[in-house]
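Below is one structure, written out as structure tokens, with a few remarks after it.
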Amino acid sequence: MQQIQHPRSQKARTAAGRAGLAALLALGAAGCATKPTDPAALAEYNQRNDPLEPTNRVIYRVSKTVDAYTLKPVAQAYVWAVPLPARTGVSNVLSNISSPAVFFNDVFEAKPRRAGDTFMRFLINSTVGVAGVFDVAADWGYPKHSANGGMTLAAWGLPSGPYLFLPLIGPSSPRAATGFAMDVGFSPLTYVPRGYGLITLNWALYGVGIVSTRASVLNDLDQIQKTALDPYATIRSLYRQHTNAEIEAMRNDHRATVPDWYSH
Amino acid sequence: MPKISSLSSARRLPFVLALGLATAVTAPMTPGLISAAHAQSNAGDAAFVQSLAQRMIAVVNGPGSAAEKKAQIQPLLDQDVDVDAIARFCLGRFWRTATPEQQAQYTALFHQVLTNSIDDKLGEYRGVGITVGQATQQDGKTYVATVISRPNQPTANVQWVISHATGQPRIVDVVAEGVSLSLTQRSDYASFLAHNGNDVGRLIAALKRQVSRE
């Protein structure tokens, strides 16, 4: 019985492997968008900055299907079971835990006032804000801002590079993806010693973070799927504009290092 | 090729001279004039946003069914939003290649799409509040900064873009947290057209389907 099955399964495996290889080759061949020759269309193509569009669209479609059966129901259940104030608390805790990474990025962006804001936010919210559940610091004059590795690289003058739609991460670019890896490096939790349950905590936080983030965009993503003629392109445009706005806000933050109360 | 470049450089000289002259003559008097005009239109446009926002909030937070609110919002959209201009912008380069009938059909559909998407959101904005901030000029348009607050939601920075192209102040775009609604819509249509043979007729058909789904 085993002897008969063995060669057959091996054969099946090679066939599957061959099919997979063929699919990969097809993906590679179809992976690049063809450059148009018409000047107006070419200008549009360059503005789109998405030369890997066919491949990106495949990953987008797969991600959407996987999401519909996994993450989306979990996020929906989370929204159904947990009331909004508690969800805001969870999101605040996660954002507080990411403060060290935000701080390092503020520093590398050469934005001392932003770094000061982040430092004070971490201090206030970790204590008065009960381990980060309440964002007290925002009311005390230290508003939240974004900082990540992608923005730091932008501050250093790196262009974003072409649009990428990555599995698990979603809309991205070479710059943002590199920045993402930097952020993992900036996070103190990356360096926790093994064997204290901290690794588990780290993964749990990561999981909760994914669900919390997905829950926060449930309505918006549904709305895009419903109203956009080409949701992929709409998400690409939203991602780009949002990223650029964050970078612009960071660049235009020219607040002096000496706080107001000191100079008065 | 060299012929063209020499021609253009020969032409450029008088042009530069004329430009220099024009600025030399007008420069002493323009700064004051321009800034005074800007200040006036800035203040006027900020007041325009304030008044429109108040009227919209009165409808959104007021009593009445969803259908009644829809009916109350419609005149505000017709009067204070330059929907035709937004529609033209969103079609991009395809506006010029579209036939007059297609342009008319598309514009009518665009009105419906915009109205539907605003009506859909009316319910979500219950209890909304708005603070009008500074107005700035950019590319001949006024950007009025506002902060929108909703109960149990983080505040959102929203800019209202005002144009005077029709002779009166009208909204031509809304930029929410750095995201321009018209630019997003334009890239949606551009991508749809790129994948549908640049055929405006197919875009119109898709918009018809979208409107009938509502």
Hey, what's the per residue convex hull volume over the C-alpha atoms of segment A:49-251, in cubic angstrom?
141
Taking a probe of 1.4 angstrom, what is the accessible area of A:His254 in Å², to the nearest 10?
140
Between B:Arg202 and B:Glu101, the two model label points (7 Å from Cα along the beta-carbon direction) sit apart by a distance in nm of 2.0
Taking Cα atoms only, helix A:71-81 is inclined relative to the longest principal axis of chain A by an angle, in degrees rounded to 10, of 40
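Would you mind calculating the relative contact order of segment A:108-240 from Cα pairs under 8 angstrom and at least 6 residues apart, reporting the percent as a whole number? Mind showing how you got there, number by number?
Working: 96 pairs, mean separation 19.7, N = 133.
Answer for segment A:108-240 is 15 percent.
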Give, as a single signed number, the net charge of other residues whose beta carbon lies under 15 Å from the beta carbon of A:Val74, with Lys and Arg counted +1 and Asp and Glu -1.
+2
Need one number: nm distance between label points at B:Thr166 and A:Leu221, each 7 Å from Cα along Cα→Cβ, rounded to one decimal.
3.8
Tell me the net charge near B:Tyr125. Cut-off is 15 Å between Cβ atoms, B:Tyr125 excluded, with +1 for each Lys or Arg and -1 for each Asp or Glu.
+2
When Lys and Arg each count +1 and Asp and Glu each count -1, what net charge do the other residues less than 12 Å away from B:Arg150, Cβ to Cβ, add up to?
+1
Accessible surface, per residue, of chain A when the full set of protein chains is kept, probe 1.4 Å, Å²:
61
Among A:Ala43, A:Val208, A:Gly116, the residue whose Cα sits farthest towards the positive end of the charge dipole of chain A (+1 at Cβ of Lys and Arg, -1 at Cβ of Asp and Glu, taken about the Cα centre) is A:Val208
Could you check which residue among A:Asn244, A:Asn56, A:Asn105 shows the biggest mean-square fluctuation in a GNM of chain A with a 10 Å Cα cutoff?
A:Asn244
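Counting only C-alpha contacts under 8 Å and six or more residues apart, can you give the relative contact order of chain A as a whole percent? Before the final figure, lay out the partial values.
Working: 236 pairs, mean separation 51.2, N = 264.
Value for chain A: 19 percent.
The values are calculated or read from the model by the stated rules, or taken from the named source; none is laboratory data. Computed from a predicted structure; not experimentally measured. Glycine gets a Cβ as well: all are built from the backbone with ideal geometry, and neighbour counts include every protein chain shown. In case anyone asks, the SASA skips ligands and DNA or RNA and just uses the protein heavy atoms, side chains included. Shrake-Rupley method; radii C 1.70, N 1.55, O 1.52, S 1.80 Å.
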